[in-house]
Amino acid sequence: MEHVAFSVGNEGRQVYWNAESFGVLFYPLAAIAMAIFAYGVYRRWRMWVALGKPEVRTDRLGERIRSLFLNGLLQVKTFRDPYPGIMHGLIFFGFVVLFIGTAMIAKETYITGPLLGWVFLRGWFYLIFSFMMDLFGLFVLIGVLLAIDRRYIRKPDRLGYKGTPENTPDDGIVLLLILAIVVTGFVSEALRIHVTHPPWEYWSFAGWILAKTLTGVGQDTAVILHKVNWWIHALLSLGFIAYIPFSRLMHIITTPANHFMGSLQPVGHIEPIRDFENAESFGVGKLEEFTKKQIFDSDACTRCGRCQDGCPAYLSGKPLSPKKLLQDLKTYWLEQAPAAIAAKRAALALPEGDGKPAKKMLVFRALDGVDALVDTVVAGATRAEAPAEKGLVGEVVDLHELWACTNCLYCQEHCPALIEHVPKIVQMRQYKVMTEADFGAELQLTYRNIDNNSNPWGIGSHLRADWAKDLGIQTLAENADVEYLFYVGCSGSFDDRGKKVSAAFAKILKAAGVSFGILGTEEGCCGDSLMRGGNEYSFQALAQANIEIMKGYNVKKIICTCPHGYNALKKDYRNFGGEFEVFHHTEIISDLIARGKITLKKPVEGLFTYHDSCFLGRYNNIYDQPRKILKAVPGLKLAEMERNLAKSFCCGAGGARMWMEEDIGERINNMRTDQAIATGADRVAVGCPFCLTMFSDGIKDRKKEETMIAFDIAEIVWKAMDLEQEKPPADVCAAPSDL
């Protein structure tokens, strides 16, 4: 073998050393690998477009490119979870750099070198290039080893289901394939260095160190081993390319695509049903009634399990796992897509005179022919019958799964692929409620109460303003010339604990000189439980009625003490013309304290822990204001729960679960109460009436009434203002005087 001559100051290496004649076989094999890759992507694309309703996900291009850059390239959401984030980052960024390096070599070899005489992989640039290629190759190697350790040794629950690992042969093949490519690459480098002995190759530190172990290998033997290993490396690399569309490696394409097509609607958005009059059914009862993007979500899911890791339904022993739900939908889609493709293919085969689409491009016709041939061969080889169509709701997705969801949004908040789980669940609930009228007796009673008296308890709507009788609060009917509408909500109007919160907050507003009024008996339920429980028809009727009343009084600004009403009025009402500026009471109180409008002078003793409401935190990013309020209260000490902020654990009341019993697994509110108890706190601060109820119940269930109590932030602030001597209340379990 002729050795390569090197000159000082011209550091470099011969590209494709010892593989000069590789082109005779390599280029045809590369073409075959690329053809298989193209066919695989095309076949998957046919499946993506085969089923589902169209949906525009290409608007607001700048925002979509930004999401693709942050989450696809920089891996921002992936790094939120350190261990798997670092593991994936090492593999991802390592491959990106290795790909760029390979492209640079190809560019010099086939374009800039022969055409322009410009050779840039020389000198210091080559040395830095060699170092970076080895460094990032080592990153890939470390990342793969971490992945193997995590998947096959540590086996975290999120990678399985109910304690059972869900490793597939494909998972192992992908990891071993990447590992083999990196290892054979380093071996080729080491053998080349061992034979050529360039003085500067310690810059290729991994290959250089490995070459030191080959001192007993003769030159001729090393040359033969290098050639064999080079071909193994090349074939593995080509196999990797061909394997991508047929394996979990497809997420290299689907996940960035999902980043680009992510929802730009407000967080937690549920698309309203637009045309009730002409709809034959409501919600989603068949796979094809989802949008194409919603079906694509299931293929973008990488089974990382982050959604499952904090799902209150899953962790409390319910059948629901967001990951499993997506994978069940994917399995069903894979079963049903071939028949839909065949039907479309048959339609396109008709003469163009029948009004069918024009002839496709030659390449697509060729791919279509290959696709049809493969389908025929596979069907003939397996003699498989077409799978029987199953019921989407009830068979593919179990009803217990469907109704276990609290709409806490943990799954969507932490999904690195930006998958939208909750809208699918709500739409399937809509089908059960409005199309089949098949839902639990508890919800039937709740919905009937709301329809009859505009509140879930069914209390007479004429009593809605009774909580304010002795507080001197005017209704808008009495005086509409106010800055804010205080939208009290059902809990604040009818629930005994909720009424105390409403009174405390109203007193704070009056003491601060804030101009506000209430709707009184004209106020209706916000409808959040209706909408998220699948009763979209009644929700829209309520929303439109509330909007009409508010607009009649020229309402511009609204304050809510309930995050569910706050979220509905702020976001969902906009779909029906309700353009209001909506605030949560913690935002208002925090601002009043910051501007010196209220003074907190009385110490409130005790160790508090604060619970982040899902609809306040994950839905609306209100994390700081409640904590600023609590830290401003004299004497108050704050201890955080382990699950807090964006990883807060749901109280169990969202998604209409407030009105349903938990008959499977552990009660979610008790689990959250246990987390509060674990802090050593004797007080729980909340900013949501549903959370207040769930914690009060949890404290009773855990028999901690004597040592722990839950309060709304408004009650704590009003107590700290020390403007009123409280009378001992009847309910000593959860009363402001117990502060």
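Results for (1) part of a loop (DSSP other than H, G, I, E, B); (2) buried (at least 19 other Cβ atoms within 10 Å of the Cβ); (3) of a type in the set (Asp, Glu); (4) on the phi > 0 side of the Ramachandran plot, shown as yes or no for each residue.
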residue: ILE473; (1), (2), (3), (4): yes, yes, no, no
residue: ALA477; (1), (2), (3), (4): yes, no, no, no
residue: GLY492; (1), (2), (3), (4): no, yes, no, no
residue: PHE505; (1), (2), (3), (4): no, yes, no, no
residue: ALA545; (1), (2), (3), (4): no, no, no, no
residue: GLU548; (1), (2), (3), (4): no, no, yes, no
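Which ones in region 658-681 are in contact with a helix residue (DSSP H, G or I) (Cβ under 6 Å, 6 or more places away or on another chain) and outside any helix (DSSP H, G or I)? Explain how you work it out, then say what you get.
First, the residues of region 658-681 that are in contact with a helix residue (DSSP H, G or I) (Cβ under 6 Å, 6 or more places away or on another chain): 658-660, 668-670, 673.
Listed by number, the list holds a single entry, MET660.
Among residues belonging to region 255-308 that are more than 28 Å from GLY617 (Cβ to Cβ) and without any contact (Cβ under 8 Å) to a residue 60 or more places away in the chain, point out the one that is surrounded by the most Cβ atoms within 10 Å (Cβ to Cβ).
Selected residue: ALA257.
Assuming LYS704 fulfils every condition listed in (1) buried (at least 23 other Cβ atoms within 10 Å of the Cβ); (2) of a type outside the set (Ser, Thr, Tyr); (3) in a loop (DSSP other than H, G, I, E, B) apart from one, which condition is it?
So the condition that LYS704 fails would be (1).
Return the pair list, or none, for Cβ contacts closer than 9 Å from residues in region 595-613 that are on the phi > 0 side of the Ramachandran plot to residues that are among the hydroxyl-bearing types (Ser, Thr, Tyr) and surrounded by 15 or more Cβ atoms within 10 Å (Cβ to Cβ), at least 6 apart or on different chains.
No pair meets every condition.
Please work out which residue is farthest from the chain's Cα centre (by Cα), limiting yourself to region 105-118 and to residues that are of a type outside the set (Asp, Glu) and surrounded by 14 or more Cβ atoms within 10 Å (Cβ to Cβ).
So, considering only residues that are of a type outside the set (Asp, Glu) and surrounded by 14 or more Cβ atoms within 10 Å (Cβ to Cβ), the one farthest from the chain's Cα centre (by Cα) is GLY113.
Would you pick out the residues in region 146-167 that are assigned to a helix (DSSP H, G or I), of a type outside the set (Asp, Glu) and either in contact with a strand residue (DSSP E or B) (Cβ under 9 Å, 6 or more places away or on another chain) or without any contact (Cβ under 8 Å) to a residue 24 or more places away in the chain (or both)? Step through it out loud before you land on a result.
Here is the first cut: in region 146-167, the residues assigned to a helix (DSSP H, G or I) are 146-154, 157-159.
Still in the running and of a type outside the set (Asp, Glu): 146-148, 150-154, 158-159.
Answer for region 146-167, where residues must be assigned to a helix (DSSP H, G or I), of a type outside the set (Asp, Glu) and either in contact with a strand residue (DSSP E or B) (Cβ under 9 Å, 6 or more places away or on another chain) or without any contact (Cβ under 8 Å) to a residue 24 or more places away in the chain (or both): ARG151, TYR152, ILE153, ARG154, LEU159.
Conditions tested, residue by residue: (1) more than 25 Å from the chain's Cα centre (by Cα); (2) touching a residue at least 60 places away in the same chain (Cβ under 8 Å).
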{"site": "TRP403", "(1), (2)": "no, yes"}
{"site": "GLU436", "(1), (2)": "yes, yes"}
{"site": "GLY440", "(1), (2)": "yes, yes"}
{"site": "THR446", "(1), (2)": "yes, yes"}
{"site": "ASN449", "(1), (2)": "yes, no"}
{"site": "ASN452", "(1), (2)": "yes, no"}
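Output the residues belonging to region 508-533 that are closer than 22 Å to ALA480 by Cβ and either charged (D, E, K, R) or free of Cβ contacts under 8 Å to residues at least 60 places away in the same chain (or both).
LYS510, SER515, PHE516, GLY517, ILE518, LEU519, GLY520, GLU522, GLU523, CYS526
Yes or no: region 624-633 includes at least one residue that is without any contact (Cβ under 8 Å) to a residue 24 or more places away in the chain, assigned by TED's automatic domain parsing to the domain that holds LYS700 and crowded, with 18+ Cβ neighbours inside 10 Å.
The answer is yes; a qualifying residue exists.
Picking from GLY680, GLY687, which residue would you name as being at positive phi and of a type outside the set (D, E, K, R)?
On the way: GLY687 fails: at positive phi.
Criteria check complete, one pass: GLY680.
Which residues, counting only those in region 321-335, are crowded, with 22+ Cβ neighbours inside 10 Å and over 16 Å from the mean Cα position of the chain (by Cα)?
The answer is LEU329, TRP333.
Please give the number of the condition ARG192 fails out of (1) surrounded by 17 or more Cβ atoms within 10 Å (Cβ to Cβ); (2) basic (Lys, Arg); (3) not in a helix (DSSP H, G or I).
(3)
With respect to the numbered conditions (1) of a type in the set (Val, Ile, Thr); (2) under 29 Å from MET531 (Cβ atoms); (3) part of a loop (DSSP other than H, G, I, E, B), which one is the sole condition not fulfilled by VAL684?
(3)
Name every residue in region 188-205 that is within 16 Å of GLY137 (Cβ to Cβ) and free of Cβ contacts under 8 Å to residues at least 40 places away in the same chain, in order of residue number.
First, the residues of region 188-205 that are within 16 Å of GLY137 (Cβ to Cβ): 188-193, 201-205.
ALA190, LEU191, ILE193, TYR202 - these are the residues of region 188-205 that are within 16 Å of GLY137 (Cβ to Cβ) and free of Cβ contacts under 8 Å to residues at least 40 places away in the same chain.
Looking at region 97-120, which of its residues are modelled with pLDDT of 85 or more, touching a helix residue (DSSP H, G or I) at 6+ places or on another chain (Cβ under 8 Å) and hydrophobic (A, V, I, L, M, F, W, C)?
Listed by number, the residues that qualify are VAL97, LEU98, MET104.
Kindly state which helices (runs of 4 or more DSSP H) lie completely within region 387-445 and contain at least 2 residues that are outside the structural domain of GLN75 (by TED's automatic domain parsing) and charged (D, E, K, R).
Details: elements: 399-404, 410-414, 422-430.
Qualifying helices (runs of 4 or more DSSP H): 422-430.
So for region 641-660 (the condition being acidic (Asp, Glu) and either under 26 Å from ASN449 (Cα atoms) or surrounded by 15 or more Cβ atoms within 10 Å (Cβ to Cβ) (or both)), does at least one residue qualify? Outline the logic, then answer.
Keep residues of region 641-660 that are acidic (Asp, Glu), which gives 642.
From what is left, the residues that are either under 26 Å from ASN449 (Cα atoms) or surrounded by 15 or more Cβ atoms within 10 Å (Cβ to Cβ) (or both) are none.
No, every residue in region 641-660 fails to be acidic (Asp, Glu) and either under 26 Å from ASN449 (Cα atoms) or surrounded by 15 or more Cβ atoms within 10 Å (Cβ to Cβ) (or both).
For the structure I just gave you, tell me whether TRP17 is closer than 29 Å to TYR332 by Cα and surrounded by 12 or more Cβ atoms within 10 Å (Cβ to Cβ). Spell out how you get there, then give the answer.
On the way: closer than 29 Å to TYR332 by Cα: no; surrounded by 12 or more Cβ atoms within 10 Å (Cβ to Cβ): yes.
For TRP17, the condition - closer than 29 Å to TYR332 by Cα and surrounded by 12 or more Cβ atoms within 10 Å (Cβ to Cβ) - is not met.
Suppose the filter is of a type outside the set (D, E, K, R), out of contact with any helix residue (DSSP H, G or I) (no Cβ under 9 Å at 6 or more places or on another chain) and under 22 Å from LYS318 (Cα atoms); does ALA404 pass it? Give the steps one after another, and end with the answer.
Details: of a type outside the set (D, E, K, R): yes; out of contact with any helix residue (DSSP H, G or I) (no Cβ under 9 Å at 6 or more places or on another chain): no; under 22 Å from LYS318 (Cα atoms): yes.
Taking the combined requirement at face value, the residue does not satisfy it.
The values are calculated or read from the model by the stated rules, or taken from the named source; none is laboratory data. Because the structure is a prediction, the values reported are computed rather than measured. Glycine also receives a Cβ, built like all others from the backbone with ideal geometry; neighbour counts cover every protein chain displayed.
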